[in-house]
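Each remark here refers to the structure printed beneath this line.
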Amino acid sequence: MSDHSIYETLGYLMTQICRGHRNRAQELLSELGLYTGQEILLMHLWEQDGRTQSELADLMCIQPATLTKSIDRMSQVGLIERRPDTEDGRVSRVYLRPEGRAMRESVEAVWRQVEAESFANLTTEERILLRRLLMQVNRNINPE
């Protein structure tokens, strides 16, 4: 490999794409008072409210300490709250507050906008192929 070839790898390109996607999402999410990643936590709670902290950390592929910081910040602004599990006091569950539930439409609009901007010049067929290829790459990296 030559000195310049690292910049031509698919991995480098994916890193650049992910960084750009994340930056654009953060730009739009900040208008809602959210940081990147917090919307993912909300999405998992919209899907199933009252998940345990360990379940959320696993779903989000983040360390429990990172999740704890996010939960603390989001609790302080009234989006979510922690409650002890009714059957096991050692377990904390995370619940949406009305303010967190109310953000769903706005967050989903941000995701639709970033999606539209990111893939604006691709045909439907190209999007389908790209999705299929990215799913395969994801399975290669995250076999489960």
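The values are calculated or read from the model by the stated rules, or taken from the named source; none is laboratory data. Since the structure is predicted, the reported quantities are computational estimates derived from the model, not experimental observations. Ideal geometry is used to build each Cβ from the backbone, glycine not excepted, and the neighbour counts take in all protein chains shown.
Miscellaneous remarks
- Residues of segment 76-102 satisfying the condition of being in contact with an Asp or Glu (Cβ under 8 Å, 6 or more places away or on another chain) and under 12 Å from L42 (Cα atoms): L79, V94, Y95, L96, R97
- Test: D72 is more than 27 Å from M14 (Cβ to Cβ) and acidic (D, E): yes
- Qualifying residue in segment 119-137 (condition: under 21 Å from E31 (Cβ atoms), assigned by TED's automatic domain parsing to the domain that holds M14 and more than 16 Å from the chain's Cα centre (by Cα)): yes
- When segment 3-50 is filtered for residues that are under 22 Å from T68 (Cβ atoms), surrounded by 11 or more Cβ atoms within 10 Å (Cβ to Cβ) and charged (D, E, K, R), the ones remaining, listed by number, are R22, E39, D49.
- In segment 13-55, the residues that are part of a loop (DSSP other than H, G, I, E, B), among the charged types (D, E, K, R) and within 19 Å of A116 (Cα to Cα): E31
- Inter-residue pairs, beta-carbon under 8 Å, first free of Cβ contacts under 8 Å to residues at least 24 places away in the same chain and in segment 36-52, second in a helix (DSSP H, G or I) and among the hydrophobic types (A, V, I, L, M, F, W, C), 6+ apart: T36/A25; T36/L29; I40/M60; H44/L56; H44/L59; H44/M60
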